[in-house]
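Q: First the structure, then my questions, so here it is.
The values are calculated or read from the model by the stated rules, or taken from the named source; none is laboratory data. Predicted model, so just to flag it, every value in this text is computed and none were measured. Note that each Cβ is placed from the backbone with ideal geometry, even for glycine, and that neighbours are counted across all protein chains shown. All accessible areas refer to the heavy atoms of the entire protein, side chains included, with ligands and DNA or RNA removed. Shrake-Rupley method; radii C 1.70, N 1.55, O 1.52, S 1.80 Å.
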Amino acid sequence: MIKFASLRVETIGHLILNTIRFFSEKKYNYLIIVSNPDKIINRFVYDFLKKNYQNKKIIFLENKIISDLIEIFYKVQKRLKFLSIFYANLRWIHHDFPRIEYGSPYRFYDSFLRNKKKFIFQKKYEKIFQHWKKTNKINGKFVCIFGRDNGYYNEKYKEPRNFKFSNYKKLINKLIKLNYTVIRMSRKNNENFYLKNKKYIDFNNIIKNEGIQNIELIEFMLFKKCEFIVGSTSGIHAYASLFDKFFFYVNNFPAGRIPYFKNCLFINKKYKKLKKIVPYNKIDRDILLSENYSIIKKKDIPWWIIIKMKFIIW
């Protein structure tokens with residue numbers, strides 16, 4: 001039987017994680033996956049996943065009209081259950097088995113990475129990346145670091161996943177002293193952070209000031225080749241899953257979630273209520289996994305407190 005699906009291509013996190021999760025858990029004889037080409041957030045990553053998962057029985061197509069029709073069909077088959085035999089829930093797989101009782105419309109505590117396939121990488125990626133590294137004088141060990149702020153989506157409200165990248169300053173200096181090159185990843189950052197040191201590089205500034213060919217490929221290879229990743233709750237951390245990288249997870253949010261990464265050290269975000277820190281075991285059960293600010297606010301807990309990063313592990 002042929003099933004149809006659409007892929008969540010609008011964000012890098014869902015593009016990577018939904019695809020890996022789906023193919024780690026589901027097996028179908030024949031599957032046609034259709035995406036809207038105008039909405040593909042990262043063409044390089046999309047093509048990489050497509051090359052690794054497509055075969056004679058699994059076909060990836062890019063067509064706006066068909067993609068829209070499948071989205072309509074998704075809503076119809078939710079009402080007319082007999083039609084669901086023709087639909088594979090790839091796009092919304094992160095909503096399967098939601099943890100509503102803990103305040104989340106999403107699923108958590110997955111073990112899908114244990115079944116992740118071994119990806120094939122083309123040698124030409126390496127050649128392009130090594131040339132770029134040489135041009136930008138990146139020698140030896142390097143670390144990728146990122147922090148979510150309100151610049152990417154131009155957010156006008158307090159988003160609990162956001163914090164100041166400058167909170168990383170002590171850590172960055174420590175890593176540089178340990179002879180790492182530290183590369184700030186992510187694009188459209190709202191906070192400019194400057195550090196006068198040749199071993200600190202802002203990838204976004206290179207893109208803006210100098211221009212760069214193969215931006216998506218270089219970003220991909222930086223995450224693949226780095227020693228480890230430091231970051232927060234943001235879709236870009238999906239690269240840690242893609243490459244099984246050690247991930248030092250800062251401001252893990254929501255605090256009720258244990259990160260699903262294979263190799264991860266994490267620090268939870270602190271919660272405050274009436275200017276006092278709330279112990280994790282005192283947080284209301286029905287918001288332990290909630291990322292919805294409007295729901296959280298009803299509990300009178302403001303979420304803008306940032307953890308104090310002392311980084312004692314180094």
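Q: What ratio of Cα Rg to 2.2 N^0.38 Å holds for the chain?
A: Computed over Cα atoms of the chain, the ratio equals 1.05.
Q: Which order, highest average first, do 160-169, 173-182 follow once you tally other Cβ atoms within 10 Å for each residue and take the mean per peptide?
A: 160-169, 173-182
Q: Antiparallel DSSP bridges in the chain: what percent, to the nearest 5?
A: 5 percent
Q: Any idea what log10 I(q)/I(0) is at q = 0.13 Å⁻¹ for region 3-115, Debye with uniform C-alpha scatterers and no solvent?
A: With one equal scatterer per Cα and no solvent, log10 I(q)/I(0) is -0.49.
Q: Can you check how the C-alpha radius of gyration of region 80-182 compares to 2.2 N^0.38 Å, as a plain ratio?
A: Taking N as the residue count of region 80-182, the ratio is 1.65.
Q: A follow-up question, please. Return the carbon/sulfur percentage of the accessible area of the chain, one whole number, probe 1.4 Å, all protein chains in place.
A: C and S atoms contribute 53 percent here.
Q: Further question on the same structure: Mind ordering 240-252, 88-100 by average Cβ neighbours within 10 Å, highest first?
A: Those peptides, ordered most packed to least, come out 240-252, 88-100.
Q: Another question, if that's okay. Using the basic label-point model (7 angstrom from Cα toward the beta carbon), what is the Ile128 to Ile100 distance in nanometres?
A: It works out to 4.5 nm between the two label points.
Q: Place the peptides 277-286, 129-138 in order of packing, highest mean first, counting for every residue the other Cβ atoms within 10 Å and averaging per peptide.
A: Peptide ranking by packing, descending: 129-138, 277-286.
Q: With a probe of 1.4 Å, find how much accessible area the chain has per residue, and write the answer as a whole number in Å².
A: 54 Å²
Q: Please provide three numbers in whole Å: the alpha-carbon extents of region 212-279 along the principal axes, with the largest listed first.
A: Result, largest extent first: 50, 26, 16 Å.
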